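Note sheet for the following structure.
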Amino acid sequence: MGGEKSDRIRKYPYPVSVLLINRRGRFYREGIIEEFVNSNSGEIICVKAPGEAYDVESLHDKFPEVKFLLLQSEISIGEKLNIGIDEAKSKFVLVLWDDMKIQLIGQLNGIIEEADSSGILCIVPVLKNKKMETIPSIQVPGFLNNELKVTNWLPGKENDLTIYPFDYTGIYNKEKFIISGGFDYNITNPYWQKMDFGFRAYMWGEKIVCRKNLIVQYIGDINSEDSTPDESYKYFYLKNMAVRFKRDRGVLPFLQFIKFMFRSDTGPLYAYQEFKQVKDWIRINRYRFKQDAVRVIDLWDIEE
C-alpha cells in the first residue's frame, strides 16, 4: 500500500492544475494568475500563442512558479487544451480563460475530491456574467424536423447533463480526457470541435455534468459562437451523427456516404476520401462505442 501511495504522489504532485487560455489583455491575465498563486491551489499553466508571447518574460519574473507554454504557430482552441492538459502534472485540470474568475476558490479542493469519487470525464461550472447573472450554459441536444438542434438551458438540478463544456470551461479528468482522444485538430470551428468532443465522450460511455458548487464568473463580455455548418461540421457529422451502434460496436454504413456525397460541395472523389478517412478511424475505435448519437440525445428525455 505504501508503494502505491508513493507512486500516486510521484505521478500527481499537485491536487489540480489550472490551465489558463488567453483571450483578453494583460490586465485580466495578471489578475487571475495572482489569485491562483495566492490561493496555493496547485499547478498553473498558461498557453501562449505566437502573437501573445511579448509579455512572457515580465510575467515569468513576477510569477516564477507559473509554467508558460509558448506555441510555435497558431492552433485551434481545442489543440491548446490538448497540449496544456497533456503537460499537466495533476489528475484534474481546471480550464479557464483569462477573463474569468472562480468564485469561492477555497472550495476547489472539495470539488476535486467529488470529481475523483464520481469518475466523471468533465465537470462544468455554473457560469455567470459580469453582473453575476447566471447564463444558460447547459447544452441540450435534440432533433427538430430530423435535424440536430442544440438549445441553451439555465443550470437546474445538481449533476445536469450537458453535451459539451460551454466555452471549453470545466474540470477535466486528465486520464479520461486523453483516452477519449481530446479535441480533434481536424475540426477548427470551436462550436463543432466542442460538439465532436461531447458527442464522442457520451458515445464512448462518458458524461459531462454541471456542479452547482463550482461557480465561474466572466469579467468581460461573453463571446458569441458561429454554429453555421461549415467544413468542420462535415467531420463532426461523419464522426458522430452518421455512426450507428450495432451489436457491440460502432459502424459507419456505406449508405451514409451517399447522403454525405449529396451534401458535400467537394465532388464525389474528394467526398469519398473524406468519408474513408473517418470510416477507418471508426473501424479502429469501433469497440470503444457504447451507443450512437440518437441514444445519446435520448439521455435528455430520460433525465427530464
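The values are calculated or read from the model by the stated rules, or taken from the named source; none is laboratory data. Quick caveat: nothing in here was measured; it's all calculated off a predicted structure. Backbone-built Cβ (ideal geometry, glycine too); neighbour counts: all protein chains shown. What goes into the accessible areas is simple: the full protein's heavy atoms, side chains included, and nothing from ligands, DNA or RNA. Shrake-Rupley method; radii C 1.70, N 1.55, O 1.52, S 1.80 Å.
Among the residues that make up the range 75-90, is at least one of them exposed (fewer than 15 other Cβ atoms within 10 Å of the Cβ) and assigned to a helix (DSSP H, G or I)?
Restricting attention to the range 75-90, the residues satisfying the condition of being exposed (fewer than 15 other Cβ atoms within 10 Å of the Cβ) are 86.
Filter again for assigned to a helix (DSSP H, G or I), leaving 86.
Yes, the range 75-90 has at least one match.
Report yes if some residue within the range 104-126 is open to solvent by 20 Å² or more (accessible area, probe 1.4 Å), over 19 Å from Q193 (Cα atoms) and within 15 Å of the chain's Cα centre (by Cα); otherwise report no.
Start the filter on the range 104-126 by keeping residues that are open to solvent by 20 Å² or more (accessible area, probe 1.4 Å), which leaves 104-107, 109-110, 113-114, 116-120.
With the extra rule that they be over 19 Å from Q193 (Cα atoms), the set shrinks to 104-107, 109-110, 113-114, 116-120.
Going one step further and asking which of them are within 15 Å of the chain's Cα centre (by Cα), we end up with 120.
So far as the range 104-126 goes, yes, one or more of its residues are open to solvent by 20 Å² or more (accessible area, probe 1.4 Å), over 19 Å from Q193 (Cα atoms) and within 15 Å of the chain's Cα centre (by Cα).
Residues that are open to solvent by less than 40 Å² (accessible area, probe 1.4 Å), under 17 Å from Y168 (Cβ atoms), part of a strand (DSSP E or B) and not aromatic (F, W, Y): does the range 130-147 have at least one? Walk me through how you get there before you give the answer.
So the first thing to find is which residues in the range 130-147 are open to solvent by less than 40 Å² (accessible area, probe 1.4 Å), and the list is 135, 137-142.
Remaining after also requiring under 17 Å from Y168 (Cβ atoms): 135, 137-139.
So of that shortlist, the ones also part of a strand (DSSP E or B) come out as 138-139.
The next check asks that each one be not aromatic (F, W, Y); those that pass are 138-139.
Yes, there is a match, as at least one residue in the range 130-147 is open to solvent by less than 40 Å² (accessible area, probe 1.4 Å), under 17 Å from Y168 (Cβ atoms), part of a strand (DSSP E or B) and not aromatic (F, W, Y).
Say we look at the range 189-202 and pick out the residues that are touching a helix residue (DSSP H, G or I) at 6+ places or on another chain (Cβ under 6 Å) and surrounded by fewer than 24 Cβ atoms within 10 Å (Cβ to Cβ); which of these is farthest from L81 (Cα to Cα)? Working first, answer last.
First pass over the range 189-202, keeping only residues touching a helix residue (DSSP H, G or I) at 6+ places or on another chain (Cβ under 6 Å): 189-190, 192-193, 195-196, 199, 202.
Right, trim to surrounded by fewer than 24 Cβ atoms within 10 Å (Cβ to Cβ) and you get 189-190, 199.
On the way: N189: 14, P190: 12, F199: 18 Å.
Once the filter is applied, the top-ranked residue is F199.
Return the residues of the range 260-279 that are open to solvent by 100 Å² or more (accessible area, probe 1.4 Å) and either assigned to a loop (DSSP other than H, G, I, E, B) or under 15 Å from V243 (Cβ atoms) (or both); say none if nothing qualifies.
Scanning the range 260-279 gives a single hit, D265.
Within the range 31-72, can you find the residues that are among the charged types (D, E, K, R) and open to solvent by 20 Å² or more (accessible area, probe 1.4 Å)? Show your work before the answer.
Residues of the range 31-72 among the charged types (D, E, K, R): 34-35, 43, 48, 52, 55, 57, 61-62, 65, 67.
Result: E34, E35, E52, E57, D61, K62, E65, K67.
Could you tell me which residue of the range 280-297 is surrounded by the most Cβ atoms within 10 Å (Cβ to Cβ), considering only residues that are basic (K, R) and farther than 28 Å from D160 by Cβ?
So the residue we want is R286.
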